[in-house]
Structure formats: structure tokens, C-alpha cells
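Before any comments, here is the structure.
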Amino acid sequence: MKVYDDEDNIGVLEQTIFPDKGVLYQQRIVCAEQKINLVQCRLFLTKLIAVFNRGDTFTQEEATELFFATTKLFYSPNVPLRQLLFTALRSVIPYACDVFVVMNSLSKDATSTYDFQRSSALRTLGMILTDQTINSLERHYKQGIVDKTPNVSVSALSTACKLALTHADVVSKWMPEISTALLSSNHLVQCQAIRLLHILKKHDRVALIRCVVTYGKEKPLRSPYAHVELLKICKDILIGERAFSKTVLPLVEYIQTSMRPNNDLVALEAIKLASQLELDAAPQSLSAQLMNSIQVYLQSNKTILRFEAIRVVSEMSYRYNELVSTVRIDVESLLRESNRAILTLAIATSLNICNESSIDGLLNKVTKFMSELPDSFRTKVVNTVEKLAERYPSKYLTLLSFLSHSLTIKGVKFQTAVVNTIRRLCIIQPRCRETSLTTLADYIEDCEYPEIIIKVFAFIGEEGPHSKKPMKYIRSIYNRLLLESPTIRAAGITTLSKFAEIPELKPNIIEILKKCAYDEDQE
């Protein structure tokens, strides 16, 4: 196989696989040749699929021409070509018209002896069914749902899920076949069957609860994917529930059972669901089981499991601080974690649930690798600092020192978040005004982001006149007037005008404003 190892070769590869759609449109004639050229047709279909996947679209007229050109390939029995054909048709059909002409060919393939033809035909046929045709062709889906081949059954069920959104009255008549699919030994078949039941019964709360009780507790399904779908049903019913009545208690019990670490996929889904519920109103046993299960996964030897557990704990720490404190030791044990994502979440969580004496050590640790983290994680830590300032007012100098160091990390979004946090810190703790103003005044000396400089000017204009030494902030602003763009200079003048309200500074401000009157920019 040829390896494309430089930019020129990669460019050639892109032009080969992702041609201009106008060129590709002209190439449709390869499908109309009397003798089908398998190589050329497969290449054409591959390009067509790639162009759609890239996000390009065709006009209705072009898409229709492409559609009719590709349908001529139904005469070919070649398996790879037919597989590409079905995929290409599913890309073209949404943009083309008169697509019903392939209905007979698809109906024939839906009863083919080849599994791939039956499954692909069912998926493609679902895209062209209408109110007038669905009743005459629903037999294919009823047969497909109970097909012994899992791929065919999954295709029929997944297509039925889409049809149920627009033709629920028809699909609801397939309940006997859906019940049969639930007895399948294949995990994906059971999953799609539960998903279809969820869609069909979404407005019947009692039926959904009964579904969870039957297939989650009384006759539990073997498929972990099906149990994830059952948990989604629980989520739809319980999210926002503030009074857990006897009717929904079976769902709570099912969630508690699912949280036990028998299957990681199911347990983590149940843990995430439980963490989103109103735990203050839920039975106490749910909170107890939740924290026990989280503790197990925080101690797991698998990185991905520890990450999922600490992510849930991190989100919970903002709502249920006291409850999360029960796993403080396990969270702090992750502060030695080599994985940066886990370590950051562990620190953010530790900061949320920490006591006053441990703040300095935690901030010193996160300062060392703050620059190596993505913006989303850095912003999460910075947001936590604001909450710490509310809880521990005496630590404002430590927190401001951490934020000041964070301003050395580049990135306009992140630096904006830090500046906003410093501004809010000044509001929360008025005694840190002087330090906040000094920090931001020093920061704008080397700041390369105009929008942040303007934001800092606005803050200095609000708080600077009330500070002990307003003159030093005037110097910082005046330096920007000499060096920065017209927009920043205009914002600086507006800020200086607010210092003119101080009688002893008014003459100096007027002198500066007179010099600025000769600025070339009219603003």
C-alpha cells in the first residue's frame, strides 16, 4: 500500500478522494455504461459518499440526476458494489425527488437470501416510505424485526425507531414482533427493541414504569446496552422529580441495583443518572449507594473509570458539597495521578470540598501544570476559586496570587475568565480592591488582547477612583494612551474622565485630556 508521507502527496490524495462536486457530477456517466465497470463504479460511489460526508450538497436537480444514475447499478450482483450503492443512496435520497422508483428494487432486496442486502435495503427503504406506502411495505419490517440474523433485526428495529417518530400509529401495531425481539440473545437487538418501546410509550408514564420493572427487575435482560436504555427511561421520568412517590420507587430501586459494579457501562450510567436527581428529596438509600459506588470507581485501576467517577464527583460538588465530602480521602488520593484530566478534576473537586488549611497546598500544586491543561479545565479551576473566596474570606490574598499567576498563561478566553473572576472577587471581598486593581493594572502593561484591556479599563474606572492611591492607575492608563490602538485610547480617555471627579486629580486629568485632543483619530 502506498504511504502518503508528505504534504504534496496528501494534497493529491484529497483531490483523488474528495474531488470538486462539479467534476464528480460529470463522472456519473460511468454508472450508465452498458457493461458495468466495477472498479470505476466503486471509485465513483466512494467519492460520492466522501463528498457528502465532507458536508457538500447538490441541488435537487443534480441530486436527482445522481440518484437515477446510481440506481442502474442495482443490476450488478457484485457484493462490494451493492454495499457502496446502499450507502450512497442513503446520502443522495434526502436531496433527490421521485425516489419512489427504487421501491420495487429495495422491496426485492428486503427479501433477499443475502443478509447484508436485507439489512441495507430495510435501512434505505425507511427513507422513502410515505403515508401511502408504509402500510403495504410494513411486512418487511415485521419480518426483519424477528429475523434470526442479528444485523437484519437491528437494521429493522433502528429504522422502526425513526419511523415511530412520524408513523407511530403504524409502528405501534408491531408490538408482538418487538416482544419477540426482546427475547433475542443478541445484545444490540435487545437494546434497539427497548429503545423502540421507549419511543412508542414516551407519553404513557405507567407503561414506561412497567417496562423498567419487567425488563429491569422481573425478567432482567442480558444486554448491558438495553439496561442503559432502561436507565434513559428512568431519567425521562425522574429528572426534576421533587416528590418521589410510591409509583416511582421501583425506578429508584432499579437505579440502586444498577449502580453496583457488576457491569461498568451500566453502573456508570446509573451513577451519572443518580447524581443528576434531586437527592435531597430522594430516598436516603439512593445517596448512600451512589457514594459507595463512586468510591469503588475512584479506586479503580482503570484510568477511564477513575476519570468518569471523578467527573461525576466534580459536578456533584457544586450542588451536594456535604455529600461529596464523604469521599474526600479518595478524591485527594487522585492528586498524585499522572493523568492531567483526572488530576485537574481532582483538584477542582478538592478545592470545592476542602477546608481552609489545605487551600495553599492545592493551589501550589495546580500552579505547576496549569499551562499544560486545555482551556476548559483551566476555566473550571478558576471558577472554583471564586466559590472559595465566598467560603473563606481570609484567603483572598492567596487566591488573588493564584489568579495573578494564571494571567501569564496565553489564551483570550481563559484570560477573560481570569479577569472576570478577579472583578467578581473584588465585589465579594471589598478589602481586596487594592490588590485586584494593582494586579490588573500591571497585567495590561503586557496584555495583547484589546477586548480584555477595554474590560480592565472599565473595571479600573469603576473601582480606581475609590482606591487609596488612584494616581498609580492613572499612570497605567496613560501609558496605554501612548501605545495602543484608537479603540483602546478612546476607552482609556473614558476611564480617565471618571478619575476627574477627584478634586486633587482633576488638573492632572484635564492636562492629559488636552494632549489627547490632538489625537489623529476622531473617536
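Structural remarks
- When 475, 489 are checked against the criterion of being basic (Lys, Arg), modelled with pLDDT of 75 or more and either surrounded by 13 or more Cβ atoms within 10 Å (Cβ to Cβ) or not in a helix (DSSP H, G or I) (or both), 489 stands alone in meeting it.
- Those residues of the range 441-464 which are surrounded by 17 or more Cβ atoms within 10 Å (Cβ to Cβ) and closer than 17 Å to residue 499 by Cα, in sequence order: 441, 454, 455, 456, 457, 459, 460, 461, 463, 464
- Taking the range 278-308 as the range and being of a type in the set (Asp, Glu) and assigned to a helix (DSSP H, G or I) as the test, only 308 passes.
- Between 430, 465, the distinction of being out of contact with any His (no Cβ under 8 Å at 6 or more places or on another chain) and under 22 Å from residue 512 (Cβ atoms) belongs to 465 only.
- Within the range 283-304, the residues that satisfy the criterion of being within 21 Å of residue 253 (Cβ to Cβ) and of a type in the set (S, T, N, Q) are 284, 285, 287, 289, 292, 293, 295.
- Count - residues of the range 401-415 that are assigned to a helix (DSSP H, G or I) and either out of contact with any Lys or Arg (no Cβ under 8 Å at 6 or more places or on another chain) or basic (Lys, Arg) (or both): 8
- Evaluated against (1) of a type in the set (S, T, N, Q); (2) more than 31 Å from the chain's Cα centre (by Cα); (3) closer than 28 Å to residue 489 by Cα, residue 415 falls short on exactly one condition, (2).
- For residue 156, the conditions (1) closer than 23 Å to residue 266 by Cα; (2) modelled with pLDDT of 95 or more all hold with the exception of (1).
Conditions (1) free of Cβ contacts under 8 Å to residues at least 40 places away in the same chain; (2) crowded, with 20+ Cβ neighbours inside 10 Å; (3) under 30 Å from residue 239 (Cβ atoms), marked per residue:
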| site | (1), (2), (3) |
| --- | --- |
| 133 | yes, no, no |
| 140 | yes, yes, no |
| 149 | yes, no, no |
| 158 | yes, no, yes |
| 167 | yes, no, yes |
| 171 | yes, yes, yes |
| 174 | yes, yes, yes |
| 194 | yes, yes, yes |
| 199 | yes, no, yes |
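- Scope the range 346-398; condition of a type in the set (A, V, I, L, M) and without any contact (Cβ under 8 Å) to a residue 12 or more places away in the chain; matching residues: none
- Within the range 354-373, none of the residues are at pLDDT below 85, under 19 Å from residue 308 (Cβ atoms) and aromatic (Phe, Trp, Tyr).
- Any hit, the range 316-333, residues being touching a Lys or Arg at 6+ places or on another chain (Cβ under 8 Å), buried (at least 18 other Cβ atoms within 10 Å of the Cβ) and either modelled with pLDDT under 95 or of a type in the set (Val, Ile, Thr) (or both): no
- Residue satisfying condition, being in a helix (DSSP H, G or I), surrounded by fewer than 15 Cβ atoms within 10 Å (Cβ to Cβ) and of a type in the set (Ser, Thr, Tyr), within set 379, 367, 398: 367
- Residue among 258, 223 that is of a type in the set (Ser, Thr, Tyr), more than 25 Å from residue 159 (Cβ to Cβ) and crowded, with 17+ Cβ neighbours inside 10 Å: 258
- Checking each residue in the range 205-263 for being among the basic types (Lys, Arg) and without any contact (Cβ under 8 Å) to a residue 40 or more places away in the chain picks out 205, 210, 219, 222, 232, 242, 246, 260.
- The residue pairs whose first member lies in the range 55-70 and is in contact (Cβ under 8 Å) with a residue 40 or more places away in the chain, whose second member is surrounded by 18 or more Cβ atoms within 10 Å (Cβ to Cβ) and outside any helix (DSSP H, G or I), and whose beta carbons are closer than 6 Å, counting only pairs six or more residues apart or on different chains, do not exist in this structure.
The values are calculated or read from the model by the stated rules, or taken from the named source; none is laboratory data. Since we're looking at a predicted model, the values are computed, not measured. FYI the Cβ positions are ideal-geometry reconstructions off the backbone, even for glycines, and counts take in every protein chain you see.
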